[in-house]
Amino acid sequence: MSAIYILWLREVKRYLRSPMQMIGSLGQPMLYLLVLGFGLGPVFARAGNGSYFQFVAPGVIGMSVLFTAIFSGIGIIWDRQFGFLKETLVAPVPRIAIMAGRTLGGSTIAIFQGLLVTTVCVIAGFRPAHFYDIPVALSFMILIAILFSGVGVAIGSSLQDMQAFPIIMNFLVMPIFFLSGALFPLKDQGHASVLKIIASLDPLTYGIDGMRAGLLGSSVFGILTDLVVMVALALVLQTFGAYRFSKIEI
């Protein structure tokens, strides 16, 4: 447990010592929130769907958690290039403990980032439908962080250098975000819509749908379905991430 705590603390301290990183990581979420939230608001309202700013805020929060969680796992590549990973792996500590510490650290940072974006959303005018349902949204935020930190560890354990980073962004992370229903309502797509079928295969879809259930009181798939899918996928992907991490050669 001490190794897990030390690695968790290392990741969190590295994040807290970089205030510019915290501020800089708000740029992209705020761009989506303000430009799309206010820019498309009148169109969304004329379609009879209410406030687009209210609708898109949970999606932007989920995006922030997604990006932070995955990129914290990909940090394994940096540690490998600079030699820190080798020093860690040769220590008399089980690899599963090392992976658990890194994953918990990455998940904690992703949750911090999500809460920071949530605070900015509230300042900008976002209002939850029911404050007593906020713990539900927080639970799904935590599940998104845990699930995608496992994905990040699996990716970081499989790659040798950062040359594949643009590929990861263009062909994995961005499609996961854009197809999740974070920016468009899935309930208007129809049951047989190709877009809705594709979205139903996206893990982030269920996380954001669950966050909307907690923050806005509306859900496409049902909060129980969202919860079951997220918990199951988090377990599977964390297990896969642990397996890939155990296969790293130094």
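The values are calculated or read from the model by the stated rules, or taken from the named source; none is laboratory data. Quick caveat, the model's predicted, so the values are computed rather than measured. Note that each Cβ is placed from the backbone with ideal geometry, even for glycine, and that neighbours are counted across all protein chains shown.
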Is it fair to say Ser149 is surrounded by 23 or more Cβ atoms within 10 Å (Cβ to Cβ) and modelled with pLDDT of 85 or more? yes
Which pairs do you get when a residue that is touching a residue at least 24 places away in the same chain (Cβ under 8 Å) and more than 18 Å from Ile144 (Cβ to Cβ), found in the stretch 167-186, comes within reach of a residue that is surrounded by 14 or more Cβ atoms within 10 Å (Cβ to Cβ) and of a type in the set (S, T, N, Q), reach meaning Cβ atoms under 9 angstrom, with the pair 6+ apart or on two chains? Pro185/Asn49
Test Ala199 against the criterion of being over 25 Å from Asp79 (Cβ atoms), touching a helix residue (DSSP H, G or I) at 6+ places or on another chain (Cβ under 6 Å), free of Cβ contacts under 8 Å to residues at least 24 places away in the same chain and of a type in the set (A, V, I, L, M), and give yes or no. yes
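Of the residues Ser107, Ser72, Ser157, which is among the small types (Gly, Ala, Ser), modelled with pLDDT under 85 and under 18 Å from Met22 (Cβ atoms)?
Ser72
Here is a list: Pro128, Pro92, Pro58. Which entry is in a loop (DSSP other than H, G, I, E, B), closer than 18 Å to Leu33 by Cβ and either out of contact with any Leu (no Cβ under 6 Å at 6 or more places or on another chain) or modelled with pLDDT of 85 or more (or both)?
Of Pro128, Pro92, Pro58, the one residue that is in a loop (DSSP other than H, G, I, E, B), closer than 18 Å to Leu33 by Cβ and either out of contact with any Leu (no Cβ under 6 Å at 6 or more places or on another chain) or modelled with pLDDT of 85 or more (or both) is Pro128.
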So, Asp79, is that one in contact with a helix residue (DSSP H, G or I) (Cβ under 6 Å, 6 or more places away or on another chain) and free of Cβ contacts under 8 Å to residues at least 24 places away in the same chain or not? yes
Find the residue count for the stretch 163-183, including only residues that are surrounded by fewer than 13 Cβ atoms within 10 Å (Cβ to Cβ) and more than 28 Å from Met211 (Cα to Cα). 3
Within the stretch 228-250, which residues are hydrophobic (A, V, I, L, M, F, W, C), over 15 Å from Ser107 (Cα atoms) and loosely packed, with under 15 Cβ neighbours inside 10 Å? Val228, Ala232, Val236, Ile250
